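> First the structure, which I've put down as structure tokens, then a few questions once you've had a look.
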Amino acid sequence: MNVVTVIKRSPLVFPLACIAAVALVLISEGSYWQSINGLHDLENERDVRERILGLERSLLDAESGQRGYLLTQNKDYLVPYDREIANIESAFKSLDAYYRDGPAEIALLRQLHKAAAAKLSELALTIRLQNDGRSDTVTDLLRSNIGKEQMEEVRALSGKLLTLSSVSLAESRLALRRTLMLSRTGMALLAALSLLSLYLYLRHANLNDLHQQELKHVIQAERDGLAAEVALRTSELSELTKHLLTAREDERARLARDLHDELGALLTSAKLDAARIRSRLVGTAPEALDRLAHLVETLNSSIALGRRIIEDLRPSTLSNLGLVAALDILAREFTERSGIEVVCTLSPVQLDPETELVVYRVVQEATTNISKYAKAHQVWLDLDQVGDTVHVSVRDDGVGFDSTRKVNSTFGLMGMRFRVEAEGGTLQLTTAPGQGTRLQVTLPSAMPAHA
């Protein structure tokens, strides 16, 4: 549709539509954030009230534990006493953080701190006196009703804080109602404005139909041109991505060779030097021999780490032993690392070295995803060739997932799919929540399998 023509023929449609859209966004966003803030305030007030009431309960529970201990001398009663003291400290920390900007609440909270501290001091004093064998003094303290007065003061201060919280809670509810009413009124006005815009638009619908017929041919021509351009750019990007993947694998191979040749030689040389030094120190310096043994262990660990890094960069088993052996070793290492059993059914296949590397990387990525997300107990890995087609399957009995929902973790799947499609194959994922996951890869073989 030619927007300029529509605007010229209906000068009020576009401005009204823009005003309605902007107003709708502003009212919607404003109401949303005000409602969110109101709900957040209500939740905070509810949490504060629970903290205040929990503070009273904790003091009562602590007093119950103290009384139980004084009556029975059983230290098991001190377990809830100690626990409730920790809960009281946690409650005060939360209340201090929440009321840091309220002068009236801060003043009440300070008084509550003092009253609670006095109550806890009285409880601790009676326990200490009881432990010292001064039961008469404890009895006098209990009969003095000082604990009751302190607890009443705590209740009074808590009640004042709850009253302030109730006022704040009422204000938050009122603000939320105002926000909802404002949103309701704004939506009603926008509905009226939208109806007016629709009426003006329908008046010119017949004229727009005529222009649409003329524009269809132009749009189709532009669409065809864009489709050709997209296909060209997609092909170029695919070639570039394949080149980058190949360059990355080549760089990994070069880095693996450098690590194997240079780092391996250095570590091996250092290990040999340590062995020569050890032979000369035998029977002369036991402490030095111990340090030297630790050095040898460190060198062995470094050599093993270097081998693991080299294998991650470029699996030597793939080049030396073939795809079947490389996948079998990968499955065993995965089982040792994750504790998940892998059932392998691997048959020899005919693939180019580059395609074998793609299969290895896909299986490696699939097992990595299984260990991270699947929560599986068993994995089945299959490799076979039927005619001129190679089939690879990785299946688990894990939790599965919703394949229609787009998440960040699907980038690994996208990378696997591109690798397979770059080699002329296809990748199919079958999964559902609670039903495990199956990854199937189909690739053209280098030559048909022998019967």
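The values are calculated or read from the model by the stated rules, or taken from the named source; none is laboratory data. Note that the coordinates shown come from a computational prediction; the quantities given were computed from them, not determined experimentally. For neighbour counting, all protein chains shown are included, and Cβ atoms are generated from backbone atoms with ideal geometry for every residue, glycine included. Please note that ligands, DNA and RNA were not included when accessible areas were found on the heavy atoms of the full protein model with its side chains. Shrake-Rupley method; radii C 1.70, N 1.55, O 1.52, S 1.80 Å.
> In the set 50, 56, which member is open to solvent by less than 90 Å² (accessible area, probe 1.4 Å) and not in a loop (DSSP other than H, G, I, E, B)?
56
> Name every residue in region 59-72 that is open to solvent by 20 Å² or more (accessible area, probe 1.4 Å) and touching a residue at least 12 places away in the same chain (Cβ under 8 Å), in order of residue number.
Listed by number, the residues that qualify are 60, 61, 63, 64, 70.
> So, residue 367, is that one over 19 Å from residue 435 (Cα atoms) and either modelled with pLDDT under 90 or in contact with a Ser or Thr (Cβ under 9 Å, 6 or more places away or on another chain) (or both) or not?
no
> Criterion first (modelled with pLDDT of 75 or more, surrounded by fewer than 17 Cβ atoms within 10 Å (Cβ to Cβ) and of a type in the set (D, E, K, R)) does residue 83 satisfy it?
yes
> Scan region 98-133 residue by residue and report those that are assigned to a helix (DSSP H, G or I), open to solvent by 50 Å² or more (accessible area, probe 1.4 Å), over 18 Å from residue 80 (Cα atoms) and of a type outside the set (Lys, Arg).
Selection gives 98, 103, 104, 111, 113.
> Being out of contact with any strand residue (DSSP E or B) (no Cβ under 6 Å at 6 or more places or on another chain), outside any helix (DSSP H, G or I), in contact (Cβ under 8 Å) with a residue 12 or more places away in the chain and not basic (Lys, Arg), is that true of even one residue in region 190-205?
Among the residues of region 190-205, at least one is out of contact with any strand residue (DSSP E or B) (no Cβ under 6 Å at 6 or more places or on another chain), outside any helix (DSSP H, G or I), in contact (Cβ under 8 Å) with a residue 12 or more places away in the chain and not basic (Lys, Arg), which makes the answer yes.
> Restrict the check to region 374-383 and report whether at least one residue is of a type in the set (Lys, Arg), more than 28 Å from residue 319 (Cα to Cα), without any contact (Cβ under 8 Å) to a residue 60 or more places away in the chain and out of contact with any Phe, Trp or Tyr (no Cβ under 9 Å at 6 or more places or on another chain).
Yes, region 374-383 has at least one match.
> Which condition does residue 362 not pass, out of (1) within 27 Å of residue 341 (Cβ to Cβ); (2) at pLDDT below 90; (3) in contact with a helix residue (DSSP H, G or I) (Cβ under 6 Å, 6 or more places away or on another chain), if it passes all the others?
(2)
> Which pairs have Cβ atoms under 8 Å, sit 6 or more apart or on different chains, and link a residue in region 325-347 that is small (Gly, Ala, Ser) to one that is open to solvent by 40 Å² or more (accessible area, probe 1.4 Å)?
So the pair list comes out as 331/344; 338/371; 347/324; 347/384.
> Can you name the condition, by its number, that residue 430 falls short on among (1) part of a loop (DSSP other than H, G, I, E, B); (2) open to solvent by 20 Å² or more (accessible area, probe 1.4 Å)?
If we test residue 430 against (1) part of a loop (DSSP other than H, G, I, E, B); (2) open to solvent by 20 Å² or more (accessible area, probe 1.4 Å), just (1) comes out false.
> Would you mention how many residues in region 393-419 are at pLDDT 70 or above and part of a loop (DSSP other than H, G, I, E, B)?
So the answer is 9.
> Being open to solvent by 60 Å² or more (accessible area, probe 1.4 Å) and of a type in the set (Val, Ile, Thr) is the filter; apply it to region 376-404 and report the residue that is farthest from the chain's Cα centre (by Cα).
Checked region 376-404; the qualifying residue farthest from the chain's Cα centre (by Cα) is 386.
> Looking only at region 120-149, count how many residues are modelled with pLDDT of 75 or more and basic (Lys, Arg).
Count: 2.
> Evaluate region 254-266: report whether one residue or more is exposed (fewer than 12 other Cβ atoms within 10 Å of the Cβ) and at pLDDT 70 or above.
yes
> Would region 375-388 turn up any residue that is of a type in the set (D, E, K, R), modelled with pLDDT of 85 or more and not in a loop (DSSP other than H, G, I, E, B)?
Scanning region 375-388 turns up at least one residue that is of a type in the set (D, E, K, R), modelled with pLDDT of 85 or more and not in a loop (DSSP other than H, G, I, E, B).
> Condition test on residue 182, is it in contact (Cβ under 8 Å) with a residue 60 or more places away in the chain and open to solvent by 50 Å² or more (accessible area, probe 1.4 Å)?
On the way: in contact (Cβ under 8 Å) with a residue 60 or more places away in the chain: yes; open to solvent by 50 Å² or more (accessible area, probe 1.4 Å): yes.
Spelling it out, residue 182 is indeed in contact (Cβ under 8 Å) with a residue 60 or more places away in the chain and open to solvent by 50 Å² or more (accessible area, probe 1.4 Å).
> Please go through region 87-112 and pick out each residue that is among the hydrophobic types (A, V, I, L, M, F, W, C) and out of contact with any helix residue (DSSP H, G or I) (no Cβ under 9 Å at 6 or more places or on another chain).
Residues satisfying the conditions are 97, 107.
> Can you tell which of 373, 360 is of a type in the set (Phe, Trp, Tyr) and open to solvent by less than 40 Å² (accessible area, probe 1.4 Å)?
That would be 360, the only listed residue that is of a type in the set (Phe, Trp, Tyr) and open to solvent by less than 40 Å² (accessible area, probe 1.4 Å).
> Evaluate the following for residue 357: is it in a strand (DSSP E or B), in contact (Cβ under 8 Å) with a residue 40 or more places away in the chain and not β-branched (Val, Ile, Thr)?
Here the answer is no, as residue 357 does not meet what is asked.
> Let me ask something else about it. Please work out which residue is modelled with the highest pLDDT, limiting yourself to region 174-206 and to residues that are in contact with a Leu (Cβ under 9 Å, 6 or more places away or on another chain) and of a type in the set (S, T, N, Q).
Per the criteria, the residue is 194.
> Which ones in region 305-344 are at pLDDT below 90 and assigned to a loop (DSSP other than H, G, I, E, B)?
314, 315, 321, 322
> Sticking with this one: Let me spell it out: the conditions are (1) among the β-branched types (Val, Ile, Thr); (2) assigned to a helix (DSSP H, G or I); (3) touching a Leu at 6+ places or on another chain (Cβ under 6 Å), and residue 362 meets all of them except one. Which number is the exception?
With respect to (1) among the β-branched types (Val, Ile, Thr); (2) assigned to a helix (DSSP H, G or I); (3) touching a Leu at 6+ places or on another chain (Cβ under 6 Å), residue 362 is out only on (3).
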